[in-house]
Every structure is written in C-alpha cells, then in structure tokens.
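To start, the structure itself, in structure tokens.
The values are calculated or read from the model by the stated rules, or taken from the named source; none is laboratory data. Everything quoted here is computed from the prediction, not taken from an experiment. FYI the Cβ positions are ideal-geometry reconstructions off the backbone, even for glycines, and counts take in every protein chain you see. Ligands, DNA and RNA are stripped out before the accessible areas are found, and what is left, the full protein with its side chains, is counted by its heavy atoms. Shrake-Rupley method; radii C 1.70, N 1.55, O 1.52, S 1.80 Å.
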Amino acid sequence: MTLANGRKILMLPGPTTVPDEVLQAMHRPAIDIREGELVEMTDRCLADLKSIFDTTGDTFIYAANGHGAWEAALSNTLSRGDTVLVLQSGAFAMGWGEMAGMLGLNVEVLPGDWRKAVDANALEARLRQDSGHAIKAILTVQIDTASSVINDIPALRAAIDAAGHPALFMVDTIASLACVPFRMDAWGVDLALSGSQKGLMTPPGLSFVAAGARAMKAHATANLRTLYWDWTFRQGEAHYKKYCGTPPVQMIFAFRKALDLLLAEGLDGAHTRHRLLAEAVRACVGVWTKAGALEFNILDPDTRANSVTVVLTPGRDPARLRDFCKDTCGLTIGETIGEIAGTGFRIGHMGHVNAPAVLGALATIELGLSALSIPHGAGGLQAATDHLANALREERAETGSARMSAAAARL
Ligand SMILES: *Cc1c(COP(=O)(O)O)cnc(C)c1O
C-alpha cells in the first residue's frame with residue numbers, strides 16, 4: 001500500500017527544491033559568451049550578490065559546489081604554513097579545516113560540541129594566548145547543516161575584537177544565506193561564501209565568495225593562489241575570465257531567475273518566512289519530544305537554526321521512519337551525518353518552502369511516528385498551526401491598526 005504517488009516533497013537540508021520557474025529558465029539554447037545578454041547577466045548577478053551578502057566588497061561566482069568556494073577562500077588569502085583556527089560546531093567547519101590541511105596550512109581546532117553553538121568566550125581566550133598572531137584566519141559556519149545550530153556571528157566578531165586579534169574572519173553561509181539575516185560589512189566579516197543549492201533555490205553547481213578589503217589585501221601576498229580560483233585573474237576585463245573559462249551558461253540563467261524571485265519577495269520577507277516556518281517546526285517537534293523518544297539535537301532553544309532542524313531518536317534506528325516517509329508517503333527528509341550518523345533525522349526547511357510544504361512534511365512525519373508506534377507527544381501539528389495562526393493574526397492586527405492610524409491621521 002502506498003500514498004506516495006503524487007508530487008514528491010523534498011525536505012533535505014540541501015540540495016533543496018528548485019522552483020519550476022528556475023528549472024524552466026535553464027531550458028534555453030546556449031548564447032554568445034563574449035558579449036551581450038550573458039555579460040550583462042553576470043554583472044547583475046555579481047552586483048546582486050553584494051546586496052545579498054550585504055557588502056561593498058568584491059564578489060565572485062564559481063562553477064563549483066560549496067567545497068569549491070571553501071578552496072577559493074583559502075587559496076586566495078593564505079600562504080603555505082599559515083595557521084587557521086577552525087571553530088567546531090558540527091561537521092562543516094571541520095570539513096573546511098580538512099581541506100585547509102591538504103592545502104598545506106596548519107589547522108588548529110577550537111573544540112566545540114555537536115549540540116551547541118561556538119563559545120565566543122573560548123574563542124576570545126584562545127586568541128588572547130596567540131600574542132604572536134600566528135593564526136591568520138578563523139573559519140566558521142553561520143548555520144551548521146549537520147547539527148542545525150546557528151552561530152552568533154556578531155558575538156564571534158566581538159570576541160576577536162576583544163582579543164585585538166588581526167586574523168581574517170571567514171564565514172560559510174551555505175545553509176543560511178537568504179534564510180536568516182547576514183550582514184557581512186556591518187558584522188565585520190572579512191570573507192563570506194555560499195552555494196547555489198540551499199537558500200538560493202538554484203540547482204547545485206554554483207558557489208559564491210564575497211571578499212572584503214582585508215581579504216583583498218591578504219590576496220596580494222598569498223602564495224596558495226592557483227589560476228582557477230584566482231581573484232586577480234577573475235577580475236580581468238574579458239567575460240570568460242570571470243569564470244576562468246567557459247561560463248556555466250544555463251546555470252547562470254537559473255541563478256538569475258532565482259535572484260529575481262528572491263529580490264521580488266525581498267530579503268526581509270524571505271527571512272520572516274523562514275523564521276515563521278522554522279518556529280512552526282520547533283513548536284511541533286517540541287510537542288513530539290514530550291513522550292521521551294525524540295529530542296532536539298541543539299540544546300539551547302535560542303541557537304536552533306531557521307533553515308534545518310535535527311531531531312534525535314535515542315536508542316532507535318531512524319531509518320524506518322525516513323523510509324516510511326519516503327516510500328509510503330513521498331516525503332524525503334534527511335539522515336543525520338558525521339558523529340551523529342544513524343541517530344536521528346534532519347528536516348530541511350530552507351529555500352523554496354512555504355506553509356503547505358512544511359505543514360505537510362510535519363503531518364507526514366507525525367503520521368509515520370504513529371504508524372510505526374514511535375512514542376511522541378500528541379498534537380505536534382496542532383501546535384505548529386496554532387503558532388502560525390497566532391503570528392498571522394497578530395500581523396493582521398498590526399497592519400490593520402497601522403491602516404487605521406494612517407486613516408485617522410488623514411482625517
Ligand atoms: C552543504 C554545505 C556545505 C557543502 O556544500 P557542497 O555544495 O556540498 O560542497 C558546506 N557548508 C555548509 C554549512 C553546508 O550546509
């Protein structure tokens with residue numbers, strides 16, 4: 001018996017659902033890569049990336065996944081033998097650090113916990129010890145997709161400043177850009193990077209780097225530079241240089257369309273949508289956890305991310321639940337990875353997600369918990385809809401009273 005034969009719903013924390021308009025935008029013949037429409041499109045994408053990262057720095061587009069952006073960030077700014085400090089909060093900053101090691105950098109890890117955000121005090125204390133300033137860069141993620149934590153980027157910057165340390169501050173926003181606020185310049189981030197396939201609603205295959213003035217200065221003397229990633233080469237006049245070779249034409253069409261959708265909604269609108277839907281997920285999961293068989297991975301409610309939620313199933317194999325959701329219902333949710341592999345599931349709620357997608361996913365998981373007799377508090381879905389109803393009712397009341405006071409002012 002199956003209920004899966006309808007439109008499949010993908011709720012992975014990447015890659016995420018690509019809007020039909022974006023897929024259709026790709027379905028075009030190739031065009032001239034040296035002049036005309038494509039050249040203008042590149043310029044507009046690079047400019048819009050600045051507003052999305054909220055920076056006046058330089059932006060770059062790579063025909064690569066997020067790992068490519070990691071390599072671009074390191075190779076453009078650092079030299080063999082430099083030390084980088086990796087802030088652990090799950091899997092992803094650690095992966096970036098492994099890459100740094102293979103590039104010939106010394107990698108030091110500020111140990112963290114899979115269930116917590118990076119501790120800003122521990123960062124400050126470590127940097128104060130480094131009086132010789134051996135550490136040249138600090139690598140962190142804004143949202144760690146493996147643990148579902150959000151790190152407090154301004155607090156980490158404040159810790160670096162309190163220690164008076166000059167290291168470059170580099171932030172991976174692959175699972176957070178366009179989902180939650182990110183203000184590169186205002187927050188003192190020297191380099192930020194992201195990927196196309198999560199909050200940016202584009203197929204996997206493009207990644208983005210934004211470099212501030214201090215990163216560009218470090219670039220001038222970095223000796224890990226290689227031609228493919230090199231910012232100087234990519235800032236050359238000829239259009240092909242911006243991609244160091246043939247531009248990924250149809251991917252650029254897709255990305256342009258996704259940017260148009262995002263900018264039409266407005267970044268604030270996208271952030272609010274992600275926040276409300278994430279609150280609905282957490283309201284629901286919070287009720288489920290009351291029967292003792294399920295837990296939030298992230299312990300402090302204030303550091304739970306708005307783009308992904310990791311739920312642990314202590315002592316129970318989560319594969320049956322994921323298989324039920326997928327095979328019987330047509331919903332794909334993520335498995336846990338890294339140190340917590342096999343111990344829970346991940347609900348992705350980022351990018352092209354709306355209320356029916358999220359509520360449908362929660363209802364389906366709740367159905368799975370019931371059908372498989374996994375103990376869970378009753379009424380999770382109700383808590384999710386109640387939360388959204390309250391939030392929307394308040395918002396309508398606010399816009400209603402704003403309209404009334406505007407009307408009153410006109411009288
Ligand atoms: C997905 C992800 C990556 C890796 O991106 P790829 O495109 O798979 O290389 C890196 N960092 C974070 C935070 C991610 O969520």
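Which is farthest toward the positive dipole end of region 147-214 among Thr173, Ile160, Ser196, measuring Cα position about the Cα centre, with Cβ charges +1 (Lys, Arg) and -1 (Asp, Glu)?
Ser196
What whole-number distance in Å separates the alpha-carbon centres of region 39-109 and region 187-266?
Here the two parts' Cα centres lie 10 Å apart.
Less than 12 Å Cβ to Cβ from Met350, Lys/Arg counted +1 and Asp/Glu -1: what total charge do the surrounding residues give?
+4
Taking the Cα centre of the chain as the origin, how large is its charge dipole in debye, to the nearest 20, when only Lys and Arg (+1) and Asp and Glu (-1) carry charge on their Cβ atoms?
Its charge dipole is roughly 340 debye.
On a 22 Å Cα-Cα criterion, which of the cross-link pairs Lys217/Lys242; Lys116/Lys136; Lys136/Lys217; Lys50/Lys257; Lys198/Lys326 come out too long?
Lys116/Lys136
With a 10 Å cut-off between alpha carbons and a GNM built on the chain, which of Ala215, Ala25, Ala125 moves the most?
For the chain, modelled as a Gaussian network with Cα springs under 10 Å, the answer is Ala125.
Using the heavy atoms of the protein chains alone and a 1.4 angstrom probe, what is the accessible area of the chain per residue in square angstrom?
About 42 Å² of surface per residue is accessible.
Pull up the DSSP beta bridges for region 20-263 and report the antiparallel fraction as a percent, rounded to 5.
40 percent
Can you give me the % of accessible surface on region 151-228 that is carbon or sulfur? Probe 1.4 Å, all protein chains present, nothing else counted.
Roughly 60 percent, rounded to a whole number.
Take the Cα of Lys217, step 7 Å along the line toward its Cβ, and report every residue of region 158-185 whose backbone nitrogen sits under 20 Å from that point.
158-171, 184-185
Work out how much length Leu261 to Leu299 would gain on full extension: take 0.36 nm times their residue separation and subtract the Cα-Cα distance, in nm to one decimal.
Roughly 10.2 nm would be gained on extension.
At 0.36 nm per residue, and after removing the present C-alpha to C-alpha distance, how many nm does the segment from Ala30 to Ala291 gain when stretched out fully?
Result for the pair: 88.4 nm of gain on full extension.
Please compute the modelled spin-label separation between Asn106 and Thr332, points set 7 Å along Cα→Cβ, answer in nm with one decimal.
The modelled label-to-label distance comes out at 4.3 nm.
In deg cm²/dmol, rounded to 500, what helix-only [θ] at 222 nm does the chain give when every DSSP H run of at least 4 residues adds -39500 (n - 2.57) and the total is split over its residues?
Theoretical 222 nm ellipticity from helices: -13500 deg cm²/dmol.
I need the shape label for region 20-263. Rule: rounded when a/c is under 1.5, else prolate if a/b > b/c, else oblate, with a, b, c from the alpha carbon gyration tensor.
Note, shape of region 20-263 comes out prolate.
Restrict the search to region 1-48; then list the GluC sites (Glu not before Pro) that DSSP places in a loop and that have at most 13 other Cβ atoms within 10 Å of their Cβ.
Sparse-neighbourhood loop GluC sites (Glu not before Pro): Glu35.
Under Stokes-Einstein, with the Kirkwood radius over Cα pairs standing in for Rh, what whole-number D in µm²/s applies to the chain at 25 °C and 0.890 mPa s?
Translational diffusion coefficient: 109 µm²/s.
Expressed as a whole percentage, what fraction of the accessible surface of region 20-108 belongs to carbon and sulfur atoms when a 1.4 Å probe is rolled over the protein heavy atoms?
In region 20-108, the share of accessible area belonging to carbon and sulfur is 51 percent.
Please give the helix 249-265 orientation as an angle from the longest Cα principal axis of the chain, in degrees from 0 to 90, rounded to the nearest 10.
60 degrees
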